[in-house]
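Heads up: the structure comes next, in structure tokens.
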Amino acid sequence: MVVLWLIAAAALILRFTPELAVRLQLPELHRQAHLAGHIGFLILYSVLVVLFCHAYGLYRGKRTTPAAREGWSVYKAAGLAIGVEVLCICVSGLHFVSRFVIGFAVFASPASLVGWRRLYQLHLERAYANGSSMQNVLIVGCGKQAVALSAYLQCNRQLGYQVCGLLACGEEAQSDHALGTVHELRMLVRRHFVDEVFVTATDSQVVRQVVFEAREMGLHVRLLPDLYGLGWAAPVEYLGLFPALTLHEGRSRTAGMVLKRAIDVTISGLVLAACSPVLMLAAAAIKLSSPGRIIYASERVGRKGDRFRCYKLRTMVADAEAMQASLQHLNQRDRVLFKIRNDPRVTRVGRLLRKYSVDELPQLWNVLKGEMSLVGPRPPLASEVRQYELEHLRRLDVLPGITGLWQVQARTNPSFARYFSLDVDYLERWSPSLDAKILLRTVGVVLRGTGQ
């Protein structure tokens, strides 16, 4: 839409500059009426282009369509939009619309859209080459086609897929290429944070089992068959040279995630700027009250197992980590969590910073870097993750957050089961409105000074 409106603005500026208006002997009011009418038709044109692009499948998630075919689809969508627009102009009887503006839109808008899409694709290819934004996939089957597909995806990283391994089924159960068997699908999906499953097996029972389990876990499933008499009404796409049938698509929250990221960046930037005096005072108090660094950076586990440095203001003595083993018998939390009320390692200044969660403010820098979100599950330590059971890895499906349901509903509850259940509840019910409610409740929790 932005690209289309920029093209429209260029056309209107070229057509309706004051110099041209004088040359064409158009009165000022007449010129303004013409301009307003053109803006209305150009808005209609931009909406029509988006609708026709959607009809041609140009807004599907991952782009696996060849660039030439995608470009041709864009030109067809723009052509249809122009055709409907001209029909509307003829039916309405409003013949004041400039042929120059229409001609400019016909040639410039589809070319600009194709150029924009190509630039975005190059950006994605660079991201894939650097190993970011990749989709983790499992391939069901160990036959020649599965091995060829795995090799092709690994050699063509611009497609954006990272092959975690092949799953053996039937007579292939003893294959040397296999990461495991199809019966271990659920475990391997959780362990390797899999996003999609590609099925090359031809056994219908295996296909049904994979589709059933993947649907339960909200995963994309694609079938890459050697034969085509299956009779399924599934759209055929191409992964490079390989045809694929999409049997089921997991829930897509792309628009919501983009909105969430925009809110994260905006709020974290504003709060960091507004609280910079508080941070400076806190830093001075920490430095004067006890030896050691002002910022405490600990390694945490983020989305899909990525490691990152989580920043907080130091609230404990310098050798606090070395003292933890001797204090383990005082732990008041359940299972993998560790928390002591009136922890002897916390300094006097640190106790005040914790009371009002001022020590958490540096994590806003993690949010700006994209390692954390304002709202999400608490970022765990690597030592905690090593004690997780398989199902607990669901916490790592999203970015960790500074605050979350656990912080506003059960901050003092020692139960790990309650802690995990709240995280799962957040994952299943997530929406921008839920994030807003948690942020508002967090403000109340902070002002009440319930931190420890």
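Coordinate-derived values only; no laboratory data. Computed from a predicted model, the values in this text were never measured in an experiment. Note that we place each Cβ from the backbone using ideal geometry, even for glycine, and neighbour counts take in every protein chain shown.
How large is the charge dipole for region 255-448, taken about the Cα centre, if only the Cβ atoms of Lys, Arg (+1) and Asp, Glu (-1) carry charge, to the nearest 20 debye?
On the way: 31 positive and 18 negative charges, 94 e Å.
Approximately 460 debye in magnitude.
Annotation: amide H-H contacts under 5 Å for Ser373 (H modelled 1.01 Å from N, sequence separation of 5 or more, or interchain): Gly401, Ile402. Applying both filters, DSSP loop and at most 12 other Cβ atoms within 10 Å, to the GluC sites (Glu not before Pro) of region 372-407 gives Glu389.
Ordered by the number of other Cβ atoms lying within 10 Å of each residue's own Cβ, fewest first, Arg351, Arg395, Arg69, Arg303 fall into the sequence Arg69, Arg351, Arg303, Arg395. Amide H to amide H, with H built 1.01 Å from N, Tyr296 comes under 5 Å of Lys312, Leu313, Arg314, counting only residues 5 or more places away or on other chains.
Determine the sum of side-chain charges near Asp425: Lys and Arg each +1, Asp and Glu each -1, restricted to other residues whose C-beta is under 12 angstrom from that of Asp425.
On the way: positive: Arg394, Arg395, Arg418, Arg429; negative: Asp423, Glu428.
Taking every Cβ under 12 Å from that of Asp425, the sum is +2.
Would you mind ranking Ser46, Ser326 by Cβ crowding within 10 Å, fewest neighbours first? Numbers along the way, then the final one.
Working: Ser46 20, Ser326 8.
Least to most surrounded, the residues fall as Ser326, Ser46.
Our summary of shape: the Cα atoms of region 244-401 have principal axis extents of 63, 40, 21 Å, ordered from largest down, in whole angstrom.
Charged neighbours of Arg186, selected by a Cβ distance under 9 Å, balance to -2 (K, R count +1; D, E count -1). In this structure, the residue pairs whose Cα-Cα separation is over 19 Å, taken from Lys312/Lys339; Lys339/Lys369; Lys287/Lys312, are Lys339/Lys369.
What list do you get for Asp435, Asp306, Asp319 if you sort them by fewest beta carbons within 10 Å? Numbers along the way, then the final one.
Details: Asp435 23, Asp306 13, Asp319 10.
Ordered by Cβ neighbours within 10 Å, fewest first: Asp319, Asp306, Asp435.
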